[in-house]
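Student: Following this message is one structure expressed as structure tokens.
The values are calculated or read from the model by the stated rules, or taken from the named source; none is laboratory data. From a predicted model like this one, the values you see are computed outputs, not experimental measurements. All Cβ positions, even for glycine, are placed from backbone atoms using ideal geometry, and neighbour counts span all protein chains on display.
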Amino acid sequence: MTVPDGLTLPDYAGACLRAVLPAALDAVGAPTTSAGRTSAQDRELLGLPRARRVCIVLVDGLGAQMLAERGGHAPFLRSQLPDALTLTSGYPSTTATSLTMLGTGEVPGTTGMLGYTVRNPADGALLNLISWEETAVHPREWQQVPTLAERLGGQGPSIVSVGPARFVGSGLTEAALRGPRFLAAGSLAARVDVTTALLRSGDADVVYLYWGDVDKMGHQHGWGSRQWGDEVEAMDAELARLARELPRGTLLLVTADHGMVDLGPDSRIDVAETPGLAQDVEVVAGEPRAVHVHTRPGTAAAVAERWRDVLGDTAWVLLREEAEAAGLFGDVAERHRSVLGDIVVAARERRAVVDSRTQTAESIALVGVHGSLTPDEVLVPLVRTVV
């Protein structure tokens with residue numbers, strides 16, 4: 001299948017976000033297997049050395065293209081780019097999908113973490129894979145694949161996750177990152193302090209540090225905004241301090257879950273107000289740049305043609321079978337096949353497909369969005385340095 005110009009497929013068997021944690025664990029002598037690959041293969045692919053300890057920082061929303069274009073706001077990370085790699089996220093290029101890939105080493109089709117929202121086959125309702133609000137399904141029931149930390153059990157290295165208190169026991173943590181000991185810290189400075197203390201004292205062999213405010217500023221103001229630049233400057237300064245204060249010999253990895261594109265005022269098309277999109281559609285799941293369209297039985301092919309007519313060159317519109325054949329989600333487990341839309345839509349250019357019947361006005365109005373397969377969204381950096 002020919003991929004439209006300007007789109008990049010996930011490289012699940014190659015330089016992909018899913019390989020980062022397996023490779024890091026292998027670096028400290030904890031071999032695992034995930035997605036049909038050994039952690040040794042992943043470590044060799046990512047070029048990681050052996051290390052006594054590893055610190056993994058995930059900056060939510062810091063795409064590789066964004067960092068390259070606005071690297072003046074990030075002098076520390078920019079100084080590391082000559083030795084950095086560019087990875088792909090999975091599809092969709094969104095937080096719930098990416099963090100679960102990171103935590104399990106598995107592809108989205110295996111974990112069922114297939115978007116910001118998905119349709120729950122059990123009741124037909126939309127399930128939010130970030131908030132897990134108003135749902136009867138437990139995160140561990142939905143995402144049954146063991147995380148890498150669970151597979152190692154008590155026999156592997158000491159792994160600690162550092163992030164906001166609200167993440168303790170949250171639905172996304174339970175689905176994507178269960179297993180490590182969790183330490184809560186609010187500001188990025190506090191998280192850096194906790195991380196360095198853990199690794200200096202020997203209380204952890206691997207620390208995962210999450211920071212979400214870059215993504216927040218991008219959603220609210222756009223990644224081309226002053227506010228986004230200010231947040232990246234503050235983030236970069238703390239990461240530079242982290243690199244200075246980590247114990248010598250620590251392998252520091254900095255990556256991201258996705259990038260972002262900024263929308264203009266005329267970028268959104270509303271399914272609720274567009275008969276050519278709404279006809280025979282039962283529910284729209286996913287997110288504005290990566291849409292799962294669930295249709296009335298027997299209508300998928302006709303609906304796909306109408307969506308192609310309406311959206312034209314601004315989206316890649318695929319039937320479910322075509323999306324699977326193209327490898328968008330990697331291998332899809334049978335239990336998750338019906339979670340995929342009958343039609344899968346990957347936005348191109350600066351287009352977004354919204355549905356005001358189920359999405360809030362606030363979410364529709366977000367400036368910075370992601371989820372699709374453009375390089376701006378799907379390419380993420382992997383900074384690698386031994387401090």
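Student: Here are some conditions: (1) surrounded by fewer than 17 Cβ atoms within 10 Å (Cβ to Cβ); (2) without any contact (Cβ under 8 Å) to a residue 60 or more places away in the chain. Asp331 meets all but one. Which one does it not meet?
Tutor: (2)
Student: Right, next: Search segment 199-236 for residues being among the aromatic types (Phe, Trp, Tyr) and over 22 Å from Arg166 (Cα atoms), and hand back the single one that is farthest from the chain's Cα centre (by Cα). Before the answer, list the steps.
Tutor: Applying the first criterion (among the aromatic types (Phe, Trp, Tyr)) to segment 199-236 yields 208, 210-211, 223, 228.
With the extra rule that they be over 22 Å from Arg166 (Cα atoms), the set shrinks to 223, 228.
Values: Trp223: 17, Trp228: 19 Å.
Among those residues, the one meeting the criterion is Trp228.
Student: Please state which one of Ala64, Ala13, Ala23, Ala40 is surrounded by 14 or more Cβ atoms within 10 Å (Cβ to Cβ), more than 30 Å from Val261 (Cα to Cα) and in contact (Cβ under 8 Å) with a residue 12 or more places away in the chain. Working first, answer last.
Tutor: Working: Ala64 fails: more than 30 Å from Val261 (Cα to Cα); Ala13 fails: more than 30 Å from Val261 (Cα to Cα); Ala23 fails: more than 30 Å from Val261 (Cα to Cα).
Every option except Ala40 fails the conditions.
Student: In addition: When both residues are 6+ apart or on different chains and their Cβ atoms are under 8 Å apart, which pairs have a first residue that lies in segment 147-166 and is closer than 18 Å to Glu106 by Cβ, and a second that is basic (Lys, Arg) and part of a loop (DSSP other than H, G, I, E, B)?
Tutor: Pairs that qualify, where the first residue is closer than 18 Å to Glu106 by Cβ and the partner is basic (Lys, Arg) and part of a loop (DSSP other than H, G, I, E, B), are Thr147/Arg178; Ala149/Arg178; Glu150/Arg178.
Student: For the condition surrounded by fewer than 20 Cβ atoms within 10 Å (Cβ to Cβ) and modelled with pLDDT of 95 or more, what is the one hit in Val261, Val214, Val194, Val293?
Tutor: On the way: Val261 fails: surrounded by fewer than 20 Cβ atoms within 10 Å (Cβ to Cβ); Val214 fails: surrounded by fewer than 20 Cβ atoms within 10 Å (Cβ to Cβ); Val293 fails: surrounded by fewer than 20 Cβ atoms within 10 Å (Cβ to Cβ).
Of Val261, Val214, Val194, Val293, the one residue that is surrounded by fewer than 20 Cβ atoms within 10 Å (Cβ to Cβ) and modelled with pLDDT of 95 or more is Val194.
Student: For Gln80, state whether it is among the polar types (S, T, N, Q), surrounded by 15 or more Cβ atoms within 10 Å (Cβ to Cβ) and within 15 Å of Arg384 (Cβ to Cβ).
Tutor: Details: among the polar types (S, T, N, Q): yes; surrounded by 15 or more Cβ atoms within 10 Å (Cβ to Cβ): yes; within 15 Å of Arg384 (Cβ to Cβ): yes.
So Gln80 passes the test.
Student: Scan segment 247-261 residue by residue and report those that are touching a Ser or Thr at 6+ places or on another chain (Cβ under 6 Å) and within 18 Å of Leu199 (Cβ to Cβ).
Tutor: Restricting attention to segment 247-261, the residues satisfying the condition of being touching a Ser or Thr at 6+ places or on another chain (Cβ under 6 Å) are 252, 257-258.
Answer for segment 247-261, where residues must be touching a Ser or Thr at 6+ places or on another chain (Cβ under 6 Å) and within 18 Å of Leu199 (Cβ to Cβ): just Leu252.
Student: Restricting to segment 233-254, name every residue that is surrounded by fewer than 16 Cβ atoms within 10 Å (Cβ to Cβ) and either in a loop (DSSP other than H, G, I, E, B) or aromatic (Phe, Trp, Tyr) (or both).
Tutor: Pro247, Arg248, Gly249
Student: When you scan segment 95-110, do you find a residue that is of a type in the set (S, T, N, Q), out of contact with any Gly (no Cβ under 9 Å at 6 or more places or on another chain) and free of Cβ contacts under 8 Å to residues at least 12 places away in the same chain, even just one? Show your work before the answer.
Tutor: Residues of segment 95-110 that are of a type in the set (S, T, N, Q), as a first pass: 95, 97-98, 100, 104, 110.
Pick out the ones that are also out of contact with any Gly (no Cβ under 9 Å at 6 or more places or on another chain) and you get 104.
Now narrow it down to the ones that are free of Cβ contacts under 8 Å to residues at least 12 places away in the same chain: none.
So far as segment 95-110 goes, no, none of its residues is of a type in the set (S, T, N, Q), out of contact with any Gly (no Cβ under 9 Å at 6 or more places or on another chain) and free of Cβ contacts under 8 Å to residues at least 12 places away in the same chain.
Student: Still on this structure, I have one more. If I ask for residues that are in contact (Cβ under 8 Å) with a residue 40 or more places away in the chain and hydrophobic (A, V, I, L, M, F, W, C), which ones from segment 295-328 would you list?
Tutor: Ala300, Val303, Val310, Leu311, Trp316, Ala325, Ala326, Leu328 - these are the residues of segment 295-328 that are in contact (Cβ under 8 Å) with a residue 40 or more places away in the chain and hydrophobic (A, V, I, L, M, F, W, C).
Student: Just one of (1) assigned to a loop (DSSP other than H, G, I, E, B); (2) of a type in the set (Val, Ile, Thr); (3) within 18 Å of the chain's Cα centre (by Cα) trips up Thr358, so point out which.
Tutor: If we test Thr358 against (1) assigned to a loop (DSSP other than H, G, I, E, B); (2) of a type in the set (Val, Ile, Thr); (3) within 18 Å of the chain's Cα centre (by Cα), just (3) comes out false.
Student: If you don't mind, another one. Scan segment 1-10 residue by residue and report those that are within 16 Å of Asp257 (Cα to Cα) and of a type in the set (S, T, N, Q). Even if it seems obvious, please write down each step before you answer.
Tutor: Step one: list which residues in segment 1-10 are within 16 Å of Asp257 (Cα to Cα), which gives 8-10.
Within segment 1-10, just Thr8 meets the criteria.
Student: While we're here: Among the residues of segment 198-209, are any in contact with an Asp or Glu (Cβ under 7 Å, 6 or more places away or on another chain) and either crowded, with 23+ Cβ neighbours inside 10 Å or touching a residue at least 12 places away in the same chain (Cβ under 8 Å) (or both)? Don't jump to the end; show me each part of the working.
Tutor: Residues of segment 198-209 in contact with an Asp or Glu (Cβ under 7 Å, 6 or more places away or on another chain): none.
No; the residues of segment 198-209 include none that is in contact with an Asp or Glu (Cβ under 7 Å, 6 or more places away or on another chain) and either crowded, with 23+ Cβ neighbours inside 10 Å or touching a residue at least 12 places away in the same chain (Cβ under 8 Å) (or both).
Student: Next up: Within the bounds of segment 285-297, is there any residue that is acidic (Asp, Glu) and under 30 Å from Arg18 (Cα atoms)? Working first, answer last.
Tutor: Taking segment 285-297 and keeping what is acidic (Asp, Glu), we get 287.
Keeping just the survivors that are under 30 Å from Arg18 (Cα atoms) gives 287.
Looking for residues that are acidic (Asp, Glu) and under 30 Å from Arg18 (Cα atoms), one finds at least one in segment 285-297, hence yes.
Student: Then there's this: Is it the case that some residue within segment 183-198 is assigned to a strand (DSSP E or B), within 22 Å of the chain's Cα centre (by Cα) and either within 23 Å of Ala30 (Cα to Cα) or of a type outside the set (Lys, Arg) (or both)? First the steps, then the outcome.
Tutor: Going through segment 183-198, the residues assigned to a strand (DSSP E or B) turn out to be 183-184.
Then drop every residue that is not within 22 Å of the chain's Cα centre (by Cα), which leaves 183-184.
When the remaining residues are screened for being either within 23 Å of Ala30 (Cα to Cα) or of a type outside the set (Lys, Arg) (or both), the result is 183-184.
Among the residues of segment 183-198, at least one is assigned to a strand (DSSP E or B), within 22 Å of the chain's Cα centre (by Cα) and either within 23 Å of Ala30 (Cα to Cα) or of a type outside the set (Lys, Arg) (or both), which makes the answer yes.
Student: Residues that are among the β-branched types (Val, Ile, Thr), within 22 Å of Arg166 (Cβ to Cβ), crowded, with 23+ Cβ neighbours inside 10 Å and out of contact with any Leu (no Cβ under 6 Å at 6 or more places or on another chain): does segment 118-140 have at least one?
Tutor: no
Student: I would also like to ask the following. Is it the case, given these coordinates, that Gly154 is over 22 Å from the mean Cα position of the chain (by Cα) and within 28 Å of Val192 (Cα to Cα)? Can you show your working first?
Tutor: Numbers: over 22 Å from the mean Cα position of the chain (by Cα): yes; within 28 Å of Val192 (Cα to Cα): yes.
It is true that Gly154 is over 22 Å from the mean Cα position of the chain (by Cα) and within 28 Å of Val192 (Cα to Cα).
Student: Follow-up question, since we're still on this one. Restricting attention to segment 147-182, which residues are within 30 Å of Pro121 (Cβ to Cβ), in a helix (DSSP H, G or I) and aliphatic (A, V, I, L, M)?
Tutor: Those that are within 30 Å of Pro121 (Cβ to Cβ), in a helix (DSSP H, G or I) and aliphatic (A, V, I, L, M): Leu148, Ala149, Leu172, Ala175, Ala176.
Student: Going by the conditions given, is Val284 in contact with a helix residue (DSSP H, G or I) (Cβ under 9 Å, 6 or more places away or on another chain), part of a helix (DSSP H, G or I) and either under 30 Å from Ala13 (Cα atoms) or not assigned by TED's automatic domain parsing to the domain that holds Trp228 (or both)? Spell out the reasoning first.
Tutor: Working: in contact with a helix residue (DSSP H, G or I) (Cβ under 9 Å, 6 or more places away or on another chain): yes; part of a helix (DSSP H, G or I): no; either under 30 Å from Ala13 (Cα atoms) or not assigned by TED's automatic domain parsing to the domain that holds Trp228 (or both): yes.
So Val284 fails the test.
Student: Another question, if that's okay. Name the residue that is farthest from Pro275 (Cα to Cα), counting only residues in segment 294-333 that are in contact with a Pro (Cβ under 8 Å, 6 or more places away or on another chain) and in a loop (DSSP other than H, G, I, E, B).
Tutor: Gly330
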